[in-house]
Amino acid sequence: MKDPYGVLVRQGPNAKHPDSIRFTDNAAPDSQKATIQAYLKEAMGYAEQGLKPPKDVTLPEMPDELTDALDADPELADAFHRLTPGRRKSYILNLNRARQSATRINRIEKFRDRILSGKGATER
C-alpha cells in the first residue's frame, strides 16, 4: 500500500512493511476518519483486483556459529535446509538476538533436536 499521510507503522522489528495504524487516544480514529477511509478504499481495490504483495523470502544474515554448526554436522545441515523458510527464519532471528557467541552456540545445541524433527524455534 501507499502511505501518503505517513500513518502506517511496522508491527514489530522484523516486519518488512508498515501495515498498521496506531492510535494514542480515543479521539484519534475520529480525527483520522478521512485518512482511514482512503486507506481502506485502496486496500479494497487491491482485494477486488486480486492483487497481493510479493512474498519476501529473504532470510536475515545467518550467524557464523550456525554456519559453523551446519558445516560440522551434515545431518543438522540437511534438516535445517529442509525446514520451511519461516522456520529457518525463526531460528536465525532467535540466534541473532543473543549478544554473545557462547549463548548462540548453547542455543544451537538446544535447538538441534527441534531442527531434526522439523519444528520451528517457537513451536511445541
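Keeping to pairs on different chains or 8 or more places apart, tell me how many lysine pairs in the chain have Cα atoms under 24 Å apart.
Counting lysine pairs in the chain gives 19.
Taking the number of other C-beta atoms within 10 Å as the exposure measure, put ARG112, ARG97, ARG124 in order starting with the fewest.
Working: ARG112 16, ARG97 11, ARG124 5.
Fewest-to-most Cβ neighbours within 10 Å comes out as ARG124, ARG97, ARG112.
Using every pair of alpha-carbon atoms in the chain, split the distances into 5 Å bins beginning at 0 and state the percent of pairs per bin, rounded to integers.
Taking every Cα pair in the chain, the percentages come to 2, 9, 16, 16, 12, 9, 9, 10, 9, 7, 2, 0.
Please give the length that would be gained between GLN100 and GLN49 if that part of the chain were fully extended, namely 0.36 nm times their separation in residues minus their C-alpha to C-alpha distance (nm, one decimal). Don't jump to the answer; show the numbers that get you there.
Values: separation 51, 0.36 × 51 = 18.36 nm, distance 4.80 nm.
Value of the extension gain: 13.6 nm.
Points 7 angstrom from Cα along the Cβ direction at ARG112 and ALA72: gap in nanometres?
Between ARG112 and ALA72, the label points sit 0.9 nm apart.
Contour minus end-to-end for LYS119 and ALA27, with contour as 0.36 nm per residue of separation and end-to-end as the Cα-Cα distance? Mind showing how you got there, number by number?
Values: separation 92, 0.36 × 92 = 33.12 nm, distance 4.38 nm.
Using 0.36 nm per residue and subtracting the Cα-Cα distance, I get 28.7 nm.
First select every other residue whose beta carbon is under 11 angstrom from the beta carbon of LYS119; then total the charges, Lys and Arg +1, Asp and Glu -1.
Details: positive: ARG87, ARG114, ARG124; negative: ASP113, GLU123.
My count for the surroundings of LYS119 gives +1.
Could you tell me which of rounded, prolate or oblate describes region 64-117, using a ≥ b ≥ c as the square roots of the eigenvalues of the alpha-carbon gyration tensor, with rounded for a/c under 1.5 and, failing that, prolate when a/b is larger than b/c and oblate otherwise?
Details: a/c = 1.80, a/b = 1.30, b/c = 1.38.
Oblate shape, in that a/c is at least 1.5 and b/c is the bigger or equal ratio.
Report the normalised scattering of region 27-75 as log10 I(q)/I(0) at q = 0.14, 0.16, 0.30 Å⁻¹, calculated by the Debye formula with identical scatterers on the alpha carbons.
Rounded to two decimals, the profile gives -0.63, -0.67, -1.01.
Compute the acute angle (0 to 90°) between the alpha-carbon long axis of helix 101-116 and the principal axis of greatest extent of the alpha-carbon atoms of the chain; round to the nearest 10°.
90
Going through region 1-77, which chymotrypsin sites (Phe, Trp or Tyr not before Pro) have at most 13 other Cβ atoms within 10 Å and a DSSP loop state?
On the way: sites: TYR5, PHE23, TYR39, TYR46; in loops: TYR5, PHE23.
Here the sparse-neighbourhood loop sites are TYR5, PHE23.
So which trypsin sites (Lys or Arg not before Pro) in region 1-44 end up in coil per DSSP with only 13 or fewer other C-beta atoms within 10 Å?
Numbers: sites: LYS2, ARG10, LYS16, ARG22, LYS33, LYS41; in loops: LYS2, ARG10, LYS16, ARG22.
Hits after loop and neighbour filter: LYS2, ARG10, LYS16, ARG22.
A short reminder: the numbers here are calculations on the coordinates, not readings from a lab. Note that the structure is predicted; figures quoted are calculated from it, not measured. Note that we place each Cβ from the backbone using ideal geometry, even for glycine, and neighbour counts take in every protein chain shown.
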